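Written out below as structure tokens is the structure these notes cover.
The values are calculated or read from the model by the stated rules, or taken from the named source; none is laboratory data. Keep in mind the model is a prediction, meaning the values are calculated, not measured. Cβ sites come from the backbone with ideal geometry, for glycine too, and all protein chains shown count toward neighbours. With ligands, DNA and RNA removed, areas are computed over all heavy atoms of the protein, side chains included. Shrake-Rupley method; radii C 1.70, N 1.55, O 1.52, S 1.80 Å.
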Amino acid sequence: MSAAKISPPAAAVQILEERVLSDDWYVLKKTRFMYRRRDGDWQELVRETYDRGNGAVLLLFNTARESVVLTRQFRFPAYVNGCADGLLIEACAGLLDGEDPLSCIRREAQEETGYIVRAPQKLFEVYMSPGSVTEKLHFFAAEYVDSDRAASGGGDSAEGEDIEVLEIPLAKALHMIKAGAIQDGKTILLLQHAALVGLNHLCARRPL
């Protein structure tokens with residue numbers, strides 16, 4: 001029996017007013033709009049959206065060693081929301097800033113970790129915080145070997161980056177999630193996906 005097709009709903013949003021509240025670092029907008037509910041009634045709503053652009057994230061892994069490369073860096077928003085030292089362990093990532101996702105993640109990986117990315121594989125796309133942030137994140141994985149490391153990494157100090165590069169067994173990284181040592185959402189998604197499909201199958205499809 002074939003699965004039923006779900007048709008997308010007709011346009012259900014009518015913008016009434018849009019105001020820019022802040023355009024200092026990124027763009028914060030307040031929008032008043034009409035939304036058509038499932039029963040056909042229209043309802044007026046007001047929402048604020050924070051637009052910081054879209055981004056890309058990469059999990060570097062080594063099948064033979066069953067390891068992954070992650071980073072540790074200071075995140076001020078985490079610091080002010082209960083992270084004692086503000087240091088988060090993450091997969092390397094960055095904003096597109098006009099680049100395509102593949103070019104972005106190659107650049108970010110080399111800048112943050114020092115590794116040249118040979119054959120990245122696109123995994124999926126995720127809206128990370130759709131209640132208020134517009135960002136869509138493009139998820140990649142790529143295998144690495146020792147000879148791929150062309151530099152020490154560390155990020156761009158001119159932008160305030162001070163990034164430590166970590167090579168961790170996947171099994172340990174998964175335990176760190178359970179222990180609360182890894183709390184970054186995009187990184188947890190990648191690590192759990194790797195555990196679900198296995199490192200041998202993480203880039204099974206044709207490389208981009």
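Cα axis of helix 170-179 to longest principal axis of the chain: angle in degrees, 0 to 90, nearest 10?
It works out to around 50 degrees.
Rounded, prolate or oblate for segment 73-165? Axes are the square roots of the Cα gyration tensor eigenvalues, ordered a ≥ b ≥ c, and the cut-off for rounded is a/c under 1.5.
The shape class here is oblate.
Running Debye on segment 115-208 with equal point scatterers at the Cα sites and no solvent, what base-10 log of I(q)/I(0) appears at q = 0.10, 0.15, 0.24 Å⁻¹?
Debye curve over Cα of segment 115-208, log10 I(q)/I(0) at q = 0.10, 0.15, 0.24 Å⁻¹: -0.33, -0.78, -1.41.
Around Leu123, which amide H atoms from residues at least 5 apart in sequence, or from another chain, sit under 5 Å from its own amide H, with H modelled in the peptide plane?
Phe139, Phe140, Ala141
From the backbone phi of segment 85-91, what are the Karplus-calculated ³J(HN,Hα) couplings (6.51 cos²θ - 1.76 cosθ + 1.60, θ = phi - 60°) in whole Hz, Gly and Pro given as x?
Along segment 85-91, the couplings run 9, x, 8, 10, 8, 9, 6 Hz.
Can you give the calculated 222 nm mean residue ellipticity of the chain, where each DSSP H run of n ≥ 4 adds -39,500 (n - 2.57) and the sum is split over every residue, rounded to the nearest 500 deg cm²/dmol? Each step should come with its number before you reach the end.
Numbers: 4 runs with 40 residues, N = 208.
For the chain, the value works out to -5500 deg cm²/dmol.
Please build a GNM for the chain, connecting alpha carbons under 10 Å apart, and tell me which residue among Asp41, Asp156, Asp184 fluctuates the most.
Of the options given, Asp41 has the highest mean-square fluctuation.
Taking only pairs that are 8 or more places apart or on different chains, how many Lys pairs in the chain have Cα atoms under 16 angstrom apart?
4
Which residues' amide hydrogens lie under 5 Å from the amide hydrogen of Ala91, considering only partners 5 or more residues apart or on another chain, with H built in the peptide plane?
Counting only residues 5 or more places away or on other chains, the set is Thr71, Thr187.
Express in nm, to one decimal, how much length is gained between Val27 and Val46 on full extension, taking 0.36 nm for each residue of separation and deducting their alpha carbon distance.
Details: separation 19, 0.36 × 19 = 6.84 nm, distance 1.66 nm.
So the chain would gain 5.2 nm between Val27 and Val46.
In nm, to one decimal, how far is the His175 label point from the Asp39 one, both placed 7 Å along Cα→Cβ?
5.4
Rg to Rh for the chain: what is it, with Cα atoms only and Rh by Kirkwood?
My calculation of the ratio gives 1.03.
Using Cα pairs closer than 8 Å and at least 6 residues apart in sequence, work out the relative contact order for segment 1-133, in percent.
17
Return the sequence-ordered ³J(HN,Hα) values of segment 78-83 in whole Hz as given by the Karplus equation 6.51 cos²θ - 1.76 cosθ + 1.60 applied to θ = phi - 60°, using x for Gly and Pro.
These are the phi-based 3J(HN,Hα) values: 5, 4, 7, 10, x, 7 Hz.
Round to a whole number: what % of the accessible area of segment 1-134 belongs to carbon and sulfur, probe 1.4 Å? Don't skip to the end; give the middle numbers.
Details: 4350 of 8470 Å².
Carbon and sulfur atoms account for 51 percent of the accessible area of segment 1-134.
So how tilted is helix 101-113 from the main axis of the chain? Cα-based, degrees 0 to 90, rounded to 10.
Value to nearest ten degrees: 40.
Calculate the tail of P(r) for segment 21-97: the fraction of all Cα-Cα distances greater than 15 Å, expressed in %.
Considering segment 21-97, 75 percent of its Cα-Cα pairs are separated by more than 15 Å.
Leaving out ligands, DNA and RNA, what percent of the accessible area of segment 141-208 is carbon and sulfur, probe 1.4 Å?
On the way: 2020 of 4100 Å².
Exposed carbon and sulfur together represent 49 percent of the surface.
Please identify every one of the trypsin sites (Lys or Arg not before Pro) in segment 119-208 that sits in a loop by DSSP and has no more than 12 other beta carbons within 10 Å of its own beta carbon. Please report the intermediate quantities before stating the final value.
Numbers: sites: Lys122, Lys136, Arg149, Lys172, Lys178, Lys186, Arg205; in loops: Arg205.
Filter output for segment 119-208: Arg205.
Between 0 and 90 degrees, rounded to the nearest ten: what's the tilt of helix 185-197 against the longest Cα principal axis of the chain?
It works out to around 70 degrees.
Counting heavy atoms of the protein chains only and a 1.4 Å probe, report the per residue accessible area for the chain as a whole number of Å².
With all protein chains present, the chain gives 61 Å² per residue.
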